[in-house]
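Participant: Take this structure first; my questions come after.
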Amino acid sequence: MIKPLAYNIVSPLGFTATDNYAAVRRGESGVVPCQDPVGIPIAVSRLDRSKLLKAFEKKCKPSQKHTAPEQAMLLSASLAVQEAGIDASSARTGFVLSSTKGNIELLGIPENDFGRERIHLWHNAALLSGFFNNPNIPLTVTNACISGAAAQIAAFNMLEKGLYDHVVVTGVDMASDFIVAGFQSFKSLDPERCRPFDARRKGLNIGEAAATLVFGKADGKGISLIQGNVRNDANHISGPSRTGEGLYRALCHTLQDVPPRDIGFISAHGTATPFNDQMEAIAFARAGLDHTPVFSLKAHFGHTMGAAGILESIISIMALEEGVVLPSMGYKEHGVEGELNVSTVTAHTDKRFMVKTLSGFGGCNAALLYQKHS
Amino acid sequence: MKKITAYCRLTDDLVILNGKPCEISFPSEPGPGRLTDIYRHLEVGYPKFFKMDNLSKAGFLASEMVLRSLQYDMETPDESTSIVFCNRSSSLDTDKRFQETISRDNYFPSPAVFVYTLPNIVTGEVAIRNKIMGETSFFILESFDAEKMIIFTDWAFSSAGICRVLCGWTEYLDGHCNVLVMMVEKESDKGVDFNKQKINNIYRT
């Protein structure tokens with residue numbers, strides 16, 4: 001078991017986890033209307049570049065120029081590392097980067113002055129660990145939309161197998177033209193704020209964020225990550241399984257020792273695409289979780305891709321700590337077939353477990369189990 | 001003891017299966033056309049292959065050869081096998097292709113290209129072909145690192161019920177292919193020891 005020692009979120013809703021959580025509790029959203037590269041209306045949760053740069057320069061005092069995703073990544077990691085009070089330069093500290101597209105925006109700027117290697121994800125990771133003068137080779141996890149969960153499972157294994165004493169897991173992705181155009185070509189973007197699990201859901205919103213979890217070994221106090229598994233649908237590279245096969249199997253392994261009645265809530269992937277949300281409902285029901293409260297955070301933050309698993313875990317950890325089930329923003333009319341207990345109000349819970357799930361292209365699915373110790 | 005029970009090395013001009021070079025005639029010039037040459041030589045008969053990007057084609061073919069040599073049952077759903085691949089350049093080869101389709105004066109982004117701008121799609125392709133329902137993961141490292149690949153495989157084995165890991169370095173960029181795929185069994189008395197020296201020997205051949 002491992003425990004989060006500190007965490008941070010850099011999103012349009014704030015630059016600390018506390019501010020982000022408070023904004024979620026107030027029902028705020030970073031998703032605003034805008035246009036795609038050819039002028040079609042979309043809605044995106046976008047970081048204000050000048051605010052980001054200002055906060056980054058103040059906190060990180062950079063000696064060179066950085067791209068927006070690098071700024072967000074370094075700002076988030078610096079704030080979390082400071083709060084955790086760990087020695088990030090120690091050989092006993094490991095770094096994990098979770099990102100799908102990193103500096104992809106540079107591909108569209110052939111004459112950029114960042115150099116050829118800056119486009120690589122390993123370079124982003126090296127920048128992250130290098131910023132803290134850490135001597136270890138950093139790891140980059142890039143497993144589509146489940147990257148943030150896969151990165152936490154990597155941290156879990158690093159700590160459990162004694163590779164490190166502390167692991168810093170940072171996720172980052174931006175709403176580049178590249179990603180927006182791609183999802184638009186799939187016709188999976190909602191021009192308005194997304195509505196996870198709702199009858200009128202039309203698709204997702206892209207969101208920008210960086211988020212960091214600093215992990216250490218669990219000590220039976222506070223919150224622990226006790227289990228996490230990834231399973232594949234073996235069905236389709238861009239469409240979820242009709243039986244929720246991979247997610248169901250990931251849940252079965254993750255919930256092996258915990259009955260559904262002990263689970264306070266599921267923080268679902270809930271992208272608000274018609275197929276994803278339906279698939280999740282099927283998988284949850286198959287795993288005996290059809291009465292467990294479920295919410296999605298996508299209407300607050302958009303789909304933050306490589307950051308999603310980390311950002312959404314942090315908000316959910318804070319909800320578990322406070323003992324509340326969050327309402328699933330954007331949900332009004334039940335929009336999936338079968339039983340699914342979508343949360344509509346802020347409710348109190350005494351239960352000690354929460355589940356975070358994610359699913360992604362390539363047929364991958366992840367489930368994480370968090371526990372609150374009394 | 002962990003053993004490599006089969007492996008395939010695939011580069012621009014080399015196909016080695018379990019230590020033996022494969023005699024494949026290449027009608028195509030060096031480059032992506034040769035992946036299709038290998039596909040035809042193997043008589044795979046899997047039309048989805050032609051939709052794949054070059055990274056997926058390369059990882060798919062190497063996996064196909066490894067699994068064939070083990071007479072792997074691709075018809076039965078299998079949750080005891082995981083796929084853990086890594087590389088240096090992520091999906092940059094296809095990222096460049098997709099970028100060309102979104103320039104202001106020539107805008108025609110295609111979902112069929114976009115989906116391959118994620119490197120883990122190759123793990124999904126191999127999983128679909130072989131009904132593998134264990135973990136699929138993709139990691140990025142600056143350069144080939146046998147030690148790290150052993151660690152990733154170790155992690156995959158710590159998930160319940162996993163007894164085989166298809167572990168690979170799958171790099172494809174700008175027409176150049178550099179792939180090593182190995183089947184690693186958790187408990188086996190046959191095969192090559194799964195250690196740094198043996199992996200490096202295989203990689204360097």
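Participant: For region B:6-14, in order, what is each residue's ³J(HN,Hα) by Karplus, 6.51 cos²θ - 1.76 cosθ + 1.60 with θ = phi - 60°, in whole Hz (x at glycine and Pro)?
Facilitator: Karplus values, whole Hz, x for Gly and Pro: 6, 8, 9, 10, 10, 10, 4, 10, 9.
Participant: Lys and Arg at +1, Asp and Glu at -1: add these up for the other residues within a Cβ distance under 12 Å of A:A250 and post the number.
Facilitator: -1
Participant: Within 10 Å of each candidate Cβ there may be at most 11 other Cβ atoms; applying that plus a DSSP loop requirement, which trypsin sites (Lys or Arg not before Pro) in region B:118-205 survive?
Facilitator: Answer in residue order: B:K190.
Participant: Say each of A:R49 and A:F114 gets a label point 7 Å from the Cα, pointing the same way as Cα to Cβ; how far apart are those two points in nm?
Facilitator: In this crude spin-label approximation the distance works out to 1.2 nm.
Participant: Among A:F301, A:G203, A:I223, which residue has its Cα furthest toward the positive end of the charge dipole of the protein assembly as shown, with +1 on Lys/Arg Cβ and -1 on Asp/Glu Cβ?
Facilitator: With unit charges placed on the Cβ atoms, the residue in question is A:I223.
Participant: Another one. Compute the distance from the alpha-carbon center of region A:25-50 to that of region A:231-255, in whole Å.
Facilitator: 30
Participant: For region B:77-113 and region A:84-139, what is the separation of their Cα centres, given in Å?
Facilitator: 21
Participant: Something else now. How about region B:160-205: which GluC sites (Glu not before Pro) there lie in a loop by DSSP and see at most 15 other Cβ atoms within 10 Å?
Facilitator: Passing both the DSSP loop test and the Cβ count: B:E187.
Participant: Oh, and also: Amide H to amide H under 5 Å from A:K332: which residues, 5+ apart in sequence or cross-chain, H placed 1.01 Å off N in plane?
Facilitator: HN-HN under 5 Å from A:K332: A:A199.
Participant: Please give the calculated 222 nm ellipticity per residue for chain A, where each DSSP H segment of at least 4 residues contributes -39500 (n - 2.57) and the sum is spread over every residue; nearest 500 deg cm²/dmol?
Facilitator: Value at 222 nm, helices only, nearest 500: -9500 deg cm²/dmol.
Participant: Within the accessible area of region B:3-204, what % is carbon and sulfur when the probe is 1.4 Å and the other protein chains stay in place?
Facilitator: Carbon and sulfur together cover 49 percent of it.
Participant: Also: Do any of A:K202/B:K48; A:K298/A:K351; B:K57/B:K186; B:K131/B:K190; B:K148/B:K186 go past 19 Å between their Cα atoms, and which?
Facilitator: A:K202/B:K48; A:K298/A:K351; B:K57/B:K186; B:K131/B:K190
Participant: In terms of modelled amide H atoms, which long-range or inter-chain residues lie less than 5 Å from the amide H of A:T349?
Facilitator: A:V324, A:V325
Participant: Hey, got a sec? Which trypsin sites (Lys or Arg not before Pro) in region B:52-106 land in a DSSP loop and have at most 14 other Cβ atoms within 10 Å?
Facilitator: B:R104
Participant: Tell me which residues come under 5 Å, amide H to amide H, from A:I2 once H is placed; ignore anything under 5 positions away on its chain.
Facilitator: Correct list: A:A218, A:L225.
Participant: Taking the Cα centre of region B:87-153 as origin, sum charge times position over the Cβ atoms of Lys and Arg (+1) and Asp and Glu (-1), and report the length of that vector in debye to the nearest 20.
Facilitator: Value, rounded to 20: 200 debye.
Participant: So, one more: Under a cut-off of 24 Å between alpha-carbon atoms, report the lysines in cross-link reach of A:K54, not counting same-chain residues fewer than 8 places apart.
Facilitator: Partners found: A:K65, A:K101.
Participant: Hey, what do the phi angles of region B:104-117 turn into as Karplus ³J(HN,Hα) couplings, whole Hz, using 6.51/-1.76/1.60 and θ = phi - 60°, x for Gly and Pro?
Facilitator: Taking θ as phi minus 60°, the curve returns 3, 8, 8, 9, 8, x, 10, x, 5, 8, 4, 4, 7, 7 Hz for region B:104-117.
Participant: Using a 1.4 Å probe over the heavy atoms of the protein chains, calculate the carbon and sulfur portion of the accessible area of region A:223-372 as a whole percent.
Facilitator: C and S fraction of accessible area: 49 percent.
Participant: Chains A and B: how much accessible area gets covered up at their contact, both sides added, probe 1.4 Å, in Å² to the nearest hundred?
Facilitator: Using a 1.4 Å probe on protein heavy atoms, the buried area is about 4300 Å².
Participant: A further question follows. I'd like to check one number: the per residue accessible area of the protein assembly as shown, probe 1.4 Å, reported in Å² as a whole number.
Facilitator: Per residue, the protein assembly as shown has an accessible area of 36 Å².
Participant: Would you mind pulling out the separation of the Cα centroids of region B:5-66 and region B:139-205, in Å?
Facilitator: If you average the Cα positions of each part, the centres end up 18 Å apart.
Participant: Using the Kyte-Doolittle scale, which helices in chain A average at least -1.0 and also have C-alpha atoms spread 20 Å or more along the helix axis, with helices defined as whole DSSP H runs?
Facilitator: A:68-84, A:308-322
Participant: Given DSSP loops and a limit of at most 11 other Cβ atoms within 10 Å, what is the longest stretch of chain A that contains no such GluC sites (Glu not before Pro)?
Facilitator: A:112-332
Participant: What 222 nm value per residue comes from the helices of chain B, counting each DSSP H run with n ≥ 4 as -39,500 (n - 2.57) and dividing by all residues, nearest 500 deg cm²/dmol?
Facilitator: Computed ellipticity for chain B at 222 nm equals -10000 deg cm²/dmol.
Participant: Taking only the alpha-carbon atoms of the protein assembly as shown, what semi-axes of the equivalent ellipsoid follow from 5 times the gyration tensor eigenvalues under a square root, in whole Å, largest first?
Facilitator: After scaling each eigenvalue by five and taking roots: 34, 26, 25 Å.
Participant: While we're here: Which percent of the accessible heavy-atom area of region A:2-217 goes to carbon and sulfur, probe 1.4 angstrom?
Facilitator: Ligands and nucleic acids excluded, carbon and sulfur reach 51 percent.
The values are calculated or read from the model by the stated rules, or taken from the named source; none is laboratory data. Remember, predicted model here, so these are calculated numbers, not experimental data. Cβ coordinates were reconstructed from backbone atoms using ideal geometry, including for glycine residues, and neighbour counts include every protein chain displayed. Heavy atoms of the whole protein, side chains included, go into the accessibility calculation; ligands, DNA and RNA do not. Shrake-Rupley method; radii C 1.70, N 1.55, O 1.52, S 1.80 Å.
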